[in-house]
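K.L.:
One structure coming up, written as structure tokens, with questions to follow.
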Amino acid sequence: MREPAVRELVRRIEAATPPGRDRAVDALRAFAILGVVLGHWLVTALVVDTGTVRGASPLQYLPQLAPISWAFQTLAVFFLVGGQVATKSYVGARARGETYGRWLGARLGRLFRPVAAVLVVWLVAAAGLLASGVGFDTVHTLVKLVLSPLWFLLVLAALTAATPLVSRLHPLWPLAVVLYVDVYRFGQDGAAVTGWLNLPAGWLVPYCLGALWARRDAGASLRTTGWVLLVGGAGATALLVRFAGYPASMVGVPGAAISNLNPPTLAAVTFGLAQCGAALLLLGPLRRVLRRPALWAAVAVVNLSAMTIFLWHQTSMIAVTCLGLLTGDALPGLHTVPDGSGWVPARLCWLPVFALMLTLCRFAFRTYEQPGRRTAHVVREGRPATARETRETRETRETRETRETRETREMRRA
């Protein structure tokens, strides 16, 4: 993109942003999404073994890489922001006289419309691969890699639907459920299936924390809460890993007896609380930094395509991996088994290629997330701003221009 076009895009986004918008919330959402993407790209490998593609993880062979999962397992931050935004959105909808059904339908529609696109594409792709003679095990590996992250959206949808009920639930209640389930499961040799109670309860903890944040948005108390969560959560996680037998990796490791994420364990929840504490402490610095239009424009663009990025990042990695097979050689960091320290720097070299492919996917499929909108329309209360809302914002920011002049200019652009 040419520099004048970039400047124009930055200007349009800045002009379309409501003056009272908390840009730090959008930055946290963007950070959480990009953390998940980079985490998957770093800890997931596709290995060709006797003509079959199978998944592998460097964490299985190199347990010393567990700290990578600490940096990139950012789902708790996403649920924190999700609870805060959904609570504010629901309160605003009720104040406008909007029904619960209409509010929920709009939010879930924006959530699942992009999902339909990826499901259709992979249904066709899977059928085509099988018809062309590709083995079932290979197709199963690829499809599972793409669809397995969708559990996150199902949980988010359920919590969003329950917002009127859980928005005033204190986070300690679901935390107590997680504690009890783990004590029963690990301390008393209880049935492993009971661990799945932690799937809603574990992510309800940061979601309720976000709702609490929405109700009590006070600077001093947020900073205090942030420090308590950061220090307490990190300390509790360290103790659980060191003395209670929880794995150090905050994501699942193939072959491991216990996964911190599938389903969530107490260690994953306490670690998430530490992440939420860090997020709350970053609000002030982020608000100051994002006054710069260029930085805010980058955050806004990521948020506008958040679902597209999340849904297509695994497909992008698969596409690059498959194209690499055309060379006839096993490329380091792409097709090789991640069992040596040299795999990591080789993998890092492939990340820009994955990002380029993801950019192409974004341009191809963003219309399902942003139907009939221009990029300059920023996200508003967790949803894309409508053309009318953006125009009204411009009217308040550009008082020297008449409405007729602006509408004429917009018609010319269209």
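K.L.:
For a Förster distance of 60 Å, can you work out the FRET efficiency between the beta-carbons of Glu3 and Ala176, rounded to the nearest 0.05?
P.N.:
0.65
K.L.:
Of the trypsin sites (Lys or Arg not before Pro) in segment 174-273, which ones lie in a loop per DSSP and count no more than 15 other C-beta atoms within 10 Å?
P.N.:
Arg216
K.L.:
Sticking with this one: Which helices of the chain meet both criteria: a Cα extent of 18 Å or more along the helical axis and a mean Kyte-Doolittle score no lower than 0.0, with helices taken as whole DSSP H segments?
P.N.:
Helix filter hits for the chain: 23-43, 75-95, 100-131, 198-215, 219-243, 266-281, 306-325, 343-365.
K.L.:
For a bin width of 10 Å, list the pair-distance distribution of segment 22-65 built from all Cα-Cα distances, rounded to whole %.
P.N.:
Values per bin, smallest distances first: 24, 33, 25, 14, 4, 0.
K.L.:
Suppose only helical runs count, i.e. DSSP H with n ≥ 4. What mean residue ellipticity at 222 nm does that imply for the chain under -39500 (n - 2.57) per run, divided by all residues and rounded to the nearest 500 deg cm²/dmol?
P.N.:
Per the formula, -22000 deg cm²/dmol.
K.L.:
While we're looking at this one, here's another question. Given the options Val134, Val81, Val166, which has the most mean-square fluctuation in a GNM of the chain, springs set between C-alpha atoms less than 10 angstrom apart?
P.N.:
Val134
K.L.:
So, one more: Tell me the per residue accessible area of the chain using a 1.4 Å probe; a whole number in Å² is fine.
P.N.:
Normalised by residue count, the accessible surface of the chain is 49 Å².
K.L.:
Let me ask another. Build a GNM of the chain with springs between Cα atoms under 10 Å: which of Thr17, Thr194, Thr44 gets the top mean-square fluctuation?
P.N.:
Thr194
K.L.:
Loop-only check: which trypsin sites (Lys or Arg not before Pro) in segment 43-96 are DSSP coil with at most 12 other Cβ within 10 angstrom?
P.N.:
Taking segment 43-96 and a limit of 12 other Cβ atoms within 10 Å, the loop trypsin sites (Lys or Arg not before Pro) found are Arg96.
K.L.:
State the dimensionless ratio Rg/Rh of segment 268-346 (Rg: radius of gyration of Cα atoms; Rh: Kirkwood radius).
P.N.:
When Rh is taken as the Kirkwood radius, the ratio is 1.14.
K.L.:
Give the share of C-alpha pairs in each 10 angstrom bin for segment 192-246, from 0 to the last occupied bin, in whole percents, shortest bins first.
P.N.:
All Cα pairs, binned at 10 Å, distribute as 19, 37, 32, 11, 0 percent.
K.L.:
Note the per residue figure in Å³ for the convex hull of the C-alpha positions in segment 68-210.
P.N.:
148
K.L.:
Right, something else. Could you work out the pair-distance distribution P(r) of segment 130-209 from its alpha-carbon pairs, with 5 angstrom bin width and percents rounded to whole numbers?
P.N.:
3, 13, 17, 15, 14, 12, 10, 7, 5, 3, 1
K.L.:
Using Cα-only point scatterers and the Debye equation, what is log10 of I(q)/I(0) for segment 1-138 at each q in 0.18, 0.19 Å⁻¹, rounded to two decimals?
P.N.:
-1.20, -1.22
K.L.:
According to the Cα gyration tensor, what semi-axes, each the square root of 5 times an eigenvalue, does the equivalent ellipsoid of the chain have, listed from largest to smallest in whole Å?
P.N.:
36, 30, 20
K.L.:
How many nm separate the modelled label positions at Ala294 and Asp329, each set 7 Å beyond the Cα in the direction of the Cβ?
P.N.:
Computed distance between label sites Ala294 and Asp329 equals 3.9 nm.
K.L.:
Taking all protein chains in place and a 1.4 Å probe, what share, in percent, of the accessible surface of segment 79-154 do carbon and sulfur account for? Present the calculation step by step, with values, prior to reporting the outcome.
P.N.:
Details: 2580 of 3750 Å².
For segment 79-154, the apolar C and S fraction of the accessible surface comes to 69 percent.
K.L.:
What translational diffusion coefficient, to the nearest whole µm²/s, does segment 223-324 have by Stokes-Einstein, given a Kirkwood radius computed over alpha-carbon pairs, a temperature of 10 °C and 1.306 mPa s viscosity?
P.N.:
Working: Rh = 16.5 Å.
It diffuses with D of about 96 µm²/s by this estimate.
K.L.:
Place a point 7 Å from the Cα of Ala15 along the Cα-to-Cβ direction; which residues of segment 277-305 have their backbone N under 13 Å from it?
P.N.:
Correct set: none at all.
K.L.:
Ok, one more. How much length would be gained if the chain were fully extended between Leu150 and Val344, taking 0.36 nm per residue of separation minus their Cα-Cα distance, in nm to one decimal?
P.N.:
Difference between extended and current length: 67.2 nm.
K.L.:
Report, by chain and number, residues whose modeled amide H sits under 5 Å from the one on Gly190, excluding near sequence neighbours (fewer than 5 apart, same chain).
P.N.:
Arg185
K.L.:
Using a 1.4 Å probe on the protein chains only, how many percent of the accessible area of segment 164-217 belongs to carbon and sulfur?
P.N.:
67
The values are calculated or read from the model by the stated rules, or taken from the named source; none is laboratory data. Quick caveat, the model's predicted, so the values are computed rather than measured. Ideal geometry is used to build each Cβ from the backbone, glycine not excepted, and the neighbour counts take in all protein chains shown. What goes into the accessible areas is simple: the full protein's heavy atoms, side chains included, and nothing from ligands, DNA or RNA. Shrake-Rupley method; radii C 1.70, N 1.55, O 1.52, S 1.80 Å.
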